[in-house]
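The values are calculated or read from the model by the stated rules, or taken from the named source; none is laboratory data. All values derive from a computational prediction rather than experimental measurement. Methodologically, a virtual Cβ is constructed for each residue, glycine included, from the backbone with ideal geometry; neighbour enumeration extends over all protein chains shown. All accessible areas refer to the heavy atoms of the entire protein, side chains included, with ligands and DNA or RNA removed. Shrake-Rupley method; radii C 1.70, N 1.55, O 1.52, S 1.80 Å.
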Amino acid sequence: MILTTVPAGMNQTNCYIVGCETTNKGAVIDPGGEGKRLVREVEKSGLDIEYVLITHAHFDHIGGIAEVVEATGAKLAVHPNERPTLEAGGGAALWGLKVNPSPPPDVELADGQVIEVGELDFEVLFTPGHSPGGVTFYEAKESIAFVGDVLFSRGVGRTDLPGGDWRTLERSIKEVLFALPDDTVVYPGHGPKTTIDRERRTNPWV
């Protein structure tokens, strides 16, 4: 699997450029900002980007969507519960900020759905709590999960933003993410990667 991590935007949100080594098909997960820079990184990868996949629609995860979609022609995939936030600019106005408007989604994500990117199969896991329509993209063959802001290395997502709920977040982590195999590598929206085993054993929040 091809995987490049590009921290971007004022919050250094991890944008992931992922691809299938066999077919050269790819996807961009959470292009949070610095859209032109992300486009350059995509071009550098040489991948044929088929999807822009959004874990959730907070402004620091969507700020580069417009540029990436325009440059690649990729389909934008978002859970329907996140669409109001996406259309409202990800809540940027709450912080006195602006983001480039996103085009409307092409694909509505649903729990259990599989997004095929070449020979990669990203299963959509519904993991709300940090946001009402948060999802995780899980690739079982590669033992990796892109979790957005649900779970971090020794941390969890905040629940004080509109649509956040602690009990829902806790349930998403304990019943969905912690049900994944121990060796699953977790790629969060911010900060370093971790593993399910490590977080299950040492995360002080859950």
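Summary table below
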read-out: Single condition residue 22 does not satisfy, out of (1) under 19 Å from residue 136 (Cα atoms); (2) hydroxyl-bearing (Ser, Thr, Tyr); (3) touching an Asp or Glu at 6+ places or on another chain (Cβ under 8 Å); value: (1)
read-out: Wholly enclosed strands (runs of 3 or more DSSP E) of the range 44-132 bearing at least 2 residues under 12 Å from the mean Cα position of the chain (by Cα) and farther than 19 Å from residue 16 by Cβ; value: none
read-out: Residue in the range 60-90 that is modelled with the lowest pLDDT, counting only those that are acidic (Asp, Glu) and surrounded by 22 or more Cβ atoms within 10 Å (Cβ to Cβ); value: 60
read-out: Contacts under 9 angstrom Cβ, first residue in the range 149-162 being at pLDDT below 95, partner outside any loop (DSSP other than H, G, I, E, B) and open to solvent by less than 40 Å² (accessible area, probe 1.4 Å), 6 or more apart; value: 161/91; 162/85; 162/91
read-out: Among residues of the range 133-147, those that are farther than 17 Å from residue 179 by Cβ and open to solvent by less than 40 Å² (accessible area, probe 1.4 Å), counted; value: 1
read-out: Filter result for residue 117 (under 20 Å from residue 8 (Cβ atoms), open to solvent by less than 10 Å² (accessible area, probe 1.4 Å), of a type in the set (Val, Ile, Thr) and in contact (Cβ under 8 Å) with a residue 24 or more places away in the chain); value: no
read-out: Total residues in the range 163-189, condition in a loop (DSSP other than H, G, I, E, B), open to solvent by 40 Å² or more (accessible area, probe 1.4 Å) and at pLDDT 95 or above; value: 4
read-out: Residue 102 being within 26 Å of residue 26 (Cβ to Cβ), open to solvent by less than 40 Å² (accessible area, probe 1.4 Å), of a type in the set (Gly, Ala, Ser) and touching a residue at least 60 places away in the same chain (Cβ under 8 Å); value: no
read-out: First in the range 67-86 and under 20 Å from residue 147 (Cβ atoms) and free of Cβ contacts under 8 Å to residues at least 60 places away in the same chain, second anywhere and among the β-branched types (Val, Ile, Thr) and open to solvent by 40 Å² or more (accessible area, probe 1.4 Å), Cβ under 8 Å, 6 or more apart; value: none
read-out: Some residue of the range 100-111 being modelled with pLDDT under 95, of a type outside the set (Lys, Arg) and touching a helix residue (DSSP H, G or I) at 6+ places or on another chain (Cβ under 7 Å); value: yes
read-out: Where residue 151 falls short, out of the listed (1) of a type outside the set (Gly, Ala, Ser); (2) over 20 Å from residue 42 (Cα atoms); (3) open to solvent by 30 Å² or more (accessible area, probe 1.4 Å); value: (3)
read-out: Subset of the range 190-206 [part of a helix (DSSP H, G or I), open to solvent by less than 70 Å² (accessible area, probe 1.4 Å) and in contact with a helix residue (DSSP H, G or I) (Cβ under 8 Å, 6 or more places away or on another chain)]; value: 196, 199
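For (1) crowded, with 24+ Cβ neighbours inside 10 Å; (2) more than 18 Å from residue 134 (Cα to Cα); (3) touching a Phe, Trp or Tyr at 6+ places or on another chain (Cβ under 8 Å), each residue gets a yes or a no:
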{"position": "46", "(1), (2), (3)": "no, yes, no"}
{"position": "52", "(1), (2), (3)": "yes, no, no"}
{"position": "55", "(1), (2), (3)": "yes, no, yes"}
{"position": "58", "(1), (2), (3)": "yes, no, no"}
